Amino acid sequence: MLASKLLRFLERIEADRILISPGVVRFPPEYGYREAHWYRSLSKKATFFKSRLIATSLGMASLIPAAFTLDDLLSGRGVHWLNYGFPFAFLLALLYAFIRFRRVVLTSYGVVLTGLCGFLVCLFLPNTRSVYILIFFVYPFLATLLLGRRKALAWHAHLAASGSLLAFLSTSGVLPPMTVSLSPREALVSLVTYGVISMIAYFIDAQNEAYNSALIQESLYDSATGFPNRVMFDHMTPASRDSFVVLARIKHQEEMRSFWGRAAIDRNLRGLMKHLSGSKDCRILPFRFDEYEIGCLVSLPGGTCGDCLREVHGVFSSFLFDFDGYLLKPDIRLGGASPGTFEAWDSGALASRAFLALQLAIGRNLRYFAYSRDDCALDSPPAPAVEFDTLRQALETGWYSVLFQPIVDVVEGKILYYEALFRVLDEAGIARSVYPFLKTAESSGLDEMITDIVLEEALAMIRETGSRVSVNIAYSDIRRGRLAERLAGPALAGVREKLVLELLEVSDIKIESPECRDFITAVSALGIEIAIDDFGSGYANLTQLVGLPISLVKIEGSLVASLADDPERRDPIAGLVSFCDKTGKQVVAEWVETAEIRDILLGMGIRYMQGYLLGRPRVRNFAPSPKSTGVSSGLQVPAPGGR
């Protein structure tokens with residue numbers, strides 16, 4: 001019975017796999033970090049490091065008695081089998097048990113305990129050849145690196161207390177005299193050295209913990225607000241089933257950001273999330289899901305999802321955004337979901353349901369909406385489902401159009417090239433931009449079909465008019481690899497040289513990724529020009545463009561459109577123009593819709609422009625040839641300074 005209790009105790013120790021101390025990072029009690037990918041990854045690395053340390057320590061320690069035994073045999077001295085044979089056999093047995101069972105935590109305690117007991121025994125055994133000094137100086141490192149600096153402090157105390165007790169019992173005559181004889185000076189030097197080694201080991205462990213904590217903080221917390229992000233939310237497991245998931249979106253947040261600036265929005269969001277977490281009506285744990293959505297884990301005992309949404313909306317509504325003294329009450333839309341009939345809590349599934357409810361709240365112009373299977377699945381499909389169905393039907397029925405908009409050299413009044421634009425036709429036959437459908441298209445795989453359609457129209461345009469034509473491509477097109485193979489095919493010889501590929505920065509193009517760089521290099525070698533579209537919208541930066549064969553950089557339209565009202569935006573554009581001039585890249589400004597904007601851009605040295613002022617998107621048959629000026633075919637290129 002005693003053996004079974006001891007076995008259960010040892011299994012409990014081994015099951016405590018907290019190999020990575022969170023350090024300064026504090027987790028909510030609902031956060032199941034042990035199931036998170038980052039924890040498993042760090043634990044695996046820590047286990048590997050400790051396994052090597054254990055195996056090396058035991059292997060090296062077993063060589064010491066073996067070497068002493070061999071030395072005694074070769075010199076003809078009597079061998080102290082008790083001194084050397086027993087520790088040699090014990091250390092090898094411990095090493096074998098570790099290799100056989102791989103109990104890292106349990107063996108770590110065993111190694112530290114063996115070092116402690118070995119030191120104490122060596123104080124009394126004869127002919128130990130000062131092994132106790134070696135153990136004494138190695139012990140701090142083993143205890144700290146294997147058990148962590150906090151637990152190592154307790155083992156340092158064990159060593160000090162045990163050594164003092166044995167010394168007292170030895171001098172009192174209860175135990176035999178110690179075989180160690182150190183002068184006061186030697187004893188003092190040994191203690192100081194032990195302290196220095198302990199401090200070094202302590203700071204090494206503290207530095208490792210700080211490094212891990214920084215990685216955890218960066219992975220699990222939003223840098224702008226300091227609150228947990230979606231990664232942490234996905235592993236939240238509340239103890240009570242009276243908990244709900246609520247997603248919130250602030251209407252017109254993008255407009256507020258463009259007007260007040262990102263820093264002001266982030267500051268107010270940080271204040272809002274503090275306000276939520278301090279609510280006294282119900283317990284709210286806020287999370288920053290993405291740039292536009294806040295997720296909340298709400299505990300409301302005895303309440304329904306509707307009650308929860310009313311409470312949370314009241315908390316949201318009681319907070320005012322402060323923009324330099326100008327107070328603004330944000331317009332909030334909420335979507336909520338409850339665990340319902342789930343056998344176990346599933347954060348990801350509940351977040352998806354809350355997202356569907358949020359889409360319905362926005363679509364129906366409601367303050368909040370609680371998830372209902374009937375509502376979300378039958379009555380009013382979620383926005384992504386509507387977008388997918390609309391896009392799929394348009395592609396299947398041909399209810400779409402490819403238009404061509406000119407990019408104009410305003411100085412010479414000539415067309416540089418055309419951009420091929422995919423448009424979805426609504427019920428009235430009006431062409432709608434594909435931009436709102438991009439994420440749905442990429443996630444569903446429909447973007448590949450769209451790219452094929454646009455590329456075919458672009459090639460037809462090149463063959464008919466000899467014009468240069470650009471096609472927008474996303475990261476998914478590059479990743480699949482089929483596009484590069486098609487462009488390199490012999491059927492496109494003599495045509496592809498007039499093709500321009502615009503990498504959509506807003507589609508999360510990863511310029512620095514090897515596959516993207518390989519793609520750019522490969523298609524450039526075919527004579528195809530590469531452009532960066534919507535530069536300034538988020539992902540690429542100037543340093544990533546260095547060394548790449550990129551011919552054109554298109555400035556993101558919202559930056560251009562606000563130049564007249566916000567002169568501060570001219571500085572980053574001027575920096576981009578200077579960089580492109582030095583590196584031989586052309587700059588194109590989008591969204592040029594007024595003569596004032598055109599004149600500002602000309603004053604900044606930008607001669608290539610695109611926008612309704614210079615030419616609206618048209619079907620292929622209406623596009624003029626590249627030799628035409630802006631006067632022919634209905635295309636108007638106003639002279640600089642004109643209206």
Legend entry - Kirkwood Rh and Cα Rg combined as Rg/Rh, the chain: 1.13
Legend entry - Area of Arg432 that stays accessible when all protein chains are in place (1.4 Å probe, Å², to 10): 100
Inset, instruction - Just subtract the alpha-carbon distance of Phe579 and Ser162 from 0.36 nm times their residue separation and send over the number in nm, one decimal. - result: 143.1 nm
Inset, instruction - Could you tell me which of Ala522, Leu350, Gly78 has its Cα farthest along the dipole of the chain towards the positive end, charges placed at Cβ (Lys, Arg +1; Asp, Glu -1), taken about the Cα centre? - result: Gly78
Inset, instruction - Choose one of Ile415, Gly340, Asn365: the residue whose Cα lies farthest towards the positive end of the charge dipole of the chain (beta-carbon charges +1 Lys, Arg; -1 Asp, Glu; about the Cα centre). - result: Gly340
Legend entry - Dipole of the chain, positive end: most advanced residue of Ala97, Ser318, Ala263 [Cβ charges, Cα centre]: Ala97
Legend entry - Test item: Cα-centred dipole of the chain, Lys/Arg +1 and Asp/Glu -1 on Cβ, debye: 2220
Legend entry - Estimated distance in nm for a label pair at Ala264 and Val189, the labels positioned 7 Å out from Cα along Cα-to-Cβ: 6.9
Inset, instruction - Report, in deg cm²/dmol and to the nearest 500, the calculated mean residue ellipticity at 222 nm for the chain, where each DSSP H run with n ≥ 4 adds -39500 (n - 2.57) and the sum is divided by the residue count. - result: -16500 deg cm²/dmol
Inset, instruction - Could you work out how far helix 383-397 tilts from the main Cα principal axis of the chain, as a 0 to 90 degree angle to the nearest 10? - result: 50
Inset, instruction - Using a 1.4 angstrom probe on heavy atoms only, work out the carbon and sulfur share of the accessible area of the stretch 73-142 in %. - result: 75
Legend entry - Virtual spin-label span in nm between Val495 and Asp566, 7 Å along Cα→Cβ: 4.2
Legend entry - Charge dipole (debye, nearest 20) of the stretch 293-360; +1 at Cβ of Lys and Arg, -1 at Cβ of Asp and Glu: 160
Legend entry - Rounded to the nearest 10 Å², the accessible area of Lys45 at probe 1.4 Å: 130
Legend entry - Rounded accessible area per residue of the chain, 1.4 Å, Å²: 51
Inset, instruction - For Asp518, tell me the accessible area in Å² from a 1.4 Å probe, rounded to the nearest 10. - result: 100
Legend entry - Sequence-distant lysines (8 or more away, or on other chains) whose Cα lies within less than 21 Å of Lys329: Lys251, Lys274, Lys280
Legend entry - Probe 1.4 Å, all protein chains present, accessible-area order of Val411, Val588, largest first: Val411, Val588
Legend entry - Separation between Cα centres of the stretch 232-268 and the stretch 571-596, rounded to whole Å: 35
Legend entry - Formal net charge of residues neighbouring Arg288 (Cβ-Cβ distance under 10 Å; K, R +1; D, E -1): -3
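The values are calculated or read from the model by the stated rules, or taken from the named source; none is laboratory data. Since we're looking at a predicted model, the values are computed, not measured. Here Cβ is always computed from backbone atoms with ideal geometry, including for glycine, and neighbour counts include all displayed protein chains. Calculation scope for accessible area: heavy atoms of the full protein, side chains included, ligands and nucleic acids excluded. Shrake-Rupley method; radii C 1.70, N 1.55, O 1.52, S 1.80 Å.
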